[in-house]
Each structure stands twice: as structure tokens, then as C-alpha cells.
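Asker: Quick one: this structure, given as C-alpha cells, is what I'll be asking you about.
The values are calculated or read from the model by the stated rules, or taken from the named source; none is laboratory data. Here the structure is a predicted model, which is why all the values come from computation and not from measurement. Neighbour counts are summed over all protein chains in view; Cβ atoms, including those assigned to glycine, are modelled from backbone coordinates with ideal geometry. These area figures cover heavy atoms from the full protein model, side chains too; ligands, DNA and RNA do not enter into them. Shrake-Rupley method; radii C 1.70, N 1.55, O 1.52, S 1.80 Å.
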Amino acid sequence: PSLHPGHLTWSATHTRLQTLTVWTERRPGHGEDAEPLAVHHRPTGNGLLAVFDGAGGSGAAPAWHAPDGVTHTGAWVGARSARLAAECWFQGVVDAEVPDTPERLKHSLRAVLDAAPRGTRSKVTGSMRRSLPTTMAAIRYRVGDEGVRWQALWAGDSRSYALLPGTGLHALTRDDTHEDDTLAQLRQDPPMTNVICADRDFELTAQQGEFGEPCVLLAATDGFFGYVHTPAQFECLLLDTLTRAHSAGEWAELIRGAIQPVTADDASLSLVALGFDDFARLRGAFAGRHDSLVRSGYRDVPAADGPGGPDAVRDWQDRTWESYRHTYEQLMPGVRE
């Protein structure tokens, strides 16, 4: 691991498996994203990726005073409680002690949140307030002879993705908001309609599928994808850094270095590459896709103070989103009624 005030990167490599995490705080020591989770059980080929973004708006009240005197919010406690619950659930699945179901994961989340410190009851109430609120985007996967079986599980507006050599980035989740268009979400940052919390019911949505190897799976909080100009630029960030890296650890550091100057939020990412013989094969597998992104102009943002001004930027966003959207949404679950 590489740990500094305000950010952490970690990586590990095993036969045909390379994994990394990236975690940054906008304000060192005051971030509300939990450290990302990446676990893999080598004997069975089971793994879990997950990220957790404490919802600071609805969970801003103090909840816990640490021994060093630092006070943490309900959002901070909620994200870390959810992380612990997800890891405990996965351990139970691997040990064949609990069912591999969203319902059982929700039960684990409920149990840990119920036991977590909530602080004093706030005198301010309302429909937007939550106790220990957090998002979660997780991918439970298993590597077998037939390929990689996966299940995406989520609540809120953190996202899970597949990154495939031939077709690029595919969203596997759909944000819990009333706005369903991904570009419109970038422009509006709409409020969430569902988050994990301790004081009321919440929903865990699940979607599953299967990929042949090789493939890349990842989960990220909105600090990674919420401050780019178009959804395609998140893929550009991933592949621009991949083309310059020579190891999973170096890729993690390059991703961190690329996101910190542009994000206005805490940012967490957990990623696993499956089925590539080594890092050079992983990098080479995406060389063609990277060249295609460059040729398509997804990185060529017009200057807001140039000819056409902000309207030129908006037109460019609309045009590039329409050319990128079909593939990006190909595996996205349908709109809920």
C-alpha cells in the first residue's frame, strides 16, 4: 500500500488476477468515503469489490467521538459500518455459513448499523435526514471454468462497471435518483431516492450476469465519475492511465494523480482484472480501445471561453454522449417503475 495524508492506494497480483484500490479525501482527515473494499478468496475464486460514500448532507450530524478527540459524522460512521457489514457477509458466503443473496447482505448491513454509534438525537428533523446514511456499490464475482459470474448490488449513486477490451466501459448499475439520463445526472447532481441507513427501510438492488475472461470489474463513488464533462471521460481516465502504467500499483497511483486535481469530492475506486496473464497483457488488451477513444474526440473538450462559449461545450457533450451512450448503457438495468 501507499499511504499519505488524504489518500491511499493499494494493489495485489496473483495468477491471472490483478487488483487495486484508490481512496482520496477532498479534505484530509474529513472525508466520508470509507476505504474501498477488494477481497478475493483464492481457493474458491470468489471475490468482492465495494465502495461506500457516506451521505454527508443527510448525515452531517456528529455521531462518534474518536479516542484522539476527532468527531465523526453519521455519514462517516455509516460508510464504515456498511463496509464492515459487507466484508462480514462475504466471509460468511465463502465459509458457506450464510446464503449468497442480497437479502442476507441487507440483513448484515442492518445488524451492523443497529450496533453502530449514532450520537445524540438531532432536534432537526425532516424527510431528508437519515441516521448513518451511505451509498454502496458492490460486485460479488466468482471465477470458474466457464468465465466470470458476477452480481452487482447497490443503493444510492455509487456505481459498478465492467471494462471490456473490445467494447470499453459498461455501467452495471443505475443510480437511485429520479433522473435516469447519465449526462443529465452529471449536469444536475439530482438527490438520491434510496440510501443505506439505520433509521428507516432501504432497498438493495441486484443485477447479475456472466463474462468470458478476460475482463475488468470495478466499483467507484461519484468523486470519480461526477466531475468529468461526459461519461466517456471516466473511461478515458482509466485507459489513459493504464497505457502509462507498468504494474497494478503504478496504475493505482496514476489514477489517483489524475483524479485528485479534477474532483471536488472524496473519491474511491476498487478494481479487479481477471484472466490476463500479466500486466503487460492487460495493458495491451486495451490499446486498441484507447486509440478508438482518442480518435472519437472524447477527450477534446471545447474551451468554455472559446468560440461558442458554454453552448459549444454543451453541444459537444450532447454529441459525444449520443455516440457513446449505446455501448455504455448496454448492460445497465432498466428503469424502475
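Asker: Work out from phi, with θ = phi - 60° and the Karplus expression 6.51 cos²θ - 1.76 cosθ + 1.60, the ³J(HN,Hα) of each residue of the stretch 92-99, listed in order in whole Hz, and give x for Gly and Pro.
Answerer: x, 5, 4, 7, 6, 9, 10, x
Asker: Hey, can you rank 285-298, 307-320 by average C-beta count inside 10 Å, highest first? Don't jump to the answer; show the numbers that get you there.
Answerer: On the way: 285-298: 15.9, 307-320: 13.9.
Descending mean neighbour count gives 285-298, 307-320.
Asker: Would you mind computing, in nm to one decimal, how far apart the modelled labels at ALA184 and ARG319 are, each placed 7 Å from Cα along Cα→Cβ?
Answerer: Going from the ALA184 label point to the ARG319 one covers 2.3 nm.
Asker: Report relative contact order for the chain in percent, whole number only (criteria: Cα-Cα under 8 Å, sequence separation at least 6).
Answerer: 21
Asker: If I compute Rg/Rh (Cα atoms, Kirkwood Rh) from the structure I just sent, which labelled value in (1) 1.00; (2) 0.96; (3) 1.03 lines up?
Answerer: Answer by label: (2).
Asker: Multiply the residue separation of ASP114 and GLN208 by 0.36 nm, subtract the distance between their alpha-carbon atoms, and state the gained length in nm to one decimal.
Answerer: 31.0 nm
Asker: Another question, if that's okay. So, counting K/R as plus one and D/E as minus one, what does the shell of residues with Cβ under 12 Å around ASP318 add up to?
Answerer: Details: positive: ARG187, ARG314, ARG319, ARG325; negative: ASP181, ASP311, ASP315, GLU322.
Taking every other residue near ASP318 into account, the sum is 0.
Asker: Same structure, new question: Among ALA280, ALA162, ALA34, which one moves the most in a GNM of the chain with springs linking Cα atoms closer than 10 Å?
Answerer: Fluctuation is largest for ALA280.
Asker: Turning to a different aspect of this structure: With all protein chains present and a 1.4 Å probe, how do SER108, SER160, SER11 order by accessible area, largest first?
Answerer: Values: SER108 20, SER160 0, SER11 45 Å².
From most accessible down to least: SER11, SER108, SER160.
Asker: Same structure, new question: Helix-derived [θ] at 222 nm for the chain: sum -39500 (n - 2.57) over DSSP H runs of at least 4, divide by residue count, nearest 500? Intermediate values should be presented prior to the final figure.
Answerer: Working: 9 runs with 108 residues, N = 337.
-10000 deg cm²/dmol, from helical runs alone.
Asker: Along the positive direction of the dipole of the chain (beta-carbon charges: Lys, Arg +1; Asp, Glu -1; about the Cα centre), which of VAL294, TYR328, ALA162 reaches farthest?
Answerer: So the residue furthest toward the plus end is ALA162.
Asker: Running a GNM on the chain with Cα contacts under 10 Å, which residue among ARG256, ARG325, ARG174 ends up with the highest mean-square fluctuation?
Answerer: In this elastic network of the chain, the residue with the biggest mean-square fluctuation among ARG256, ARG325, ARG174 is ARG325.
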